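The next block holds one structure in the form of structure tokens; read it before the comments.
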Ligand code: HEC
């Protein structure tokens, strides 16, 4: 009987540990809007790159598509936030600190999972 009453809690814990399903654009939109869209928005976007919609991210800017769905290591957007060398670190060093690890991890998961809408 007591074990049975614990069941809902156990189920809840299990589903948390399993939260590795594909991340959708709606989960990363807020990160990009808070940290990137001020310079990569509608008006005169830096490097002609807009980061205010999934379509714009896929279309990319001066250097081509900002992400390659399923290929984190080729994705300029990921390289930018990780400062791994493909493009200048983003947000620019003089402007803001790096994104926190959780935000970067979420962006990576989104791209790795195919950049779902
Ligand atoms: C303060 C303004 C500013 C902010 C905020 C900013 N960027 Fe940038 N971004 C720039 C500038 C300037 C460049 C061009 C840098 C260069 O060519 O060295 C650039 C270039 C880029 C590029 C290369 C685009 C290309 O096609 O060459 C990527 C990718 C990028 N930014 C992603 C991001 C991401 C992701 C964020 C948010 C985490 C972000 N940026 C936030 C100013 C900004």
> Where residues in region 91-107 are assigned to a loop (DSSP other than H, G, I, E, B) and surrounded by 14 or more Cβ atoms within 10 Å (Cβ to Cβ), which of them is nearest to the ligand (Cβ to nearest atom)?
Replying inline: 91
> Within region 37-62, restricting attention to residues that are assigned to a helix (DSSP H, G or I) and near the ligand (Cβ under 8 Å from one of its atoms), which residue is surrounded by the most Cβ atoms within 10 Å (Cβ to Cβ)?
Replying inline: 46
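Any chance you could count how many residues in region 21-36 are out of contact with any strand residue (DSSP E or B) (no Cβ under 6 Å at 6 or more places or on another chain) and either within 13 Å of the ligand (Cβ to nearest atom) or in a loop (DSSP other than H, G, I, E, B) (or both)?
11
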> Restricting the search to region 1-31, which residues are at pLDDT 95 or above and out of contact with any helix residue (DSSP H, G or I) (no Cβ under 8 Å at 6 or more places or on another chain)?
Replying inline: 26, 29, 30
>> Take the residues in region 63-90 that are within 7 Å of the ligand (Cβ to nearest atom) and in contact (Cβ under 8 Å) with a residue 24 or more places away in the chain; name whichever of them is farthest from the chain's Cα centre (by Cα).
In response: 63
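The values are calculated or read from the model by the stated rules, or taken from the named source; none is laboratory data. These numbers come from a predicted model, not from an experiment. Note that we place each Cβ from the backbone using ideal geometry, even for glycine, and neighbour counts take in every protein chain shown.
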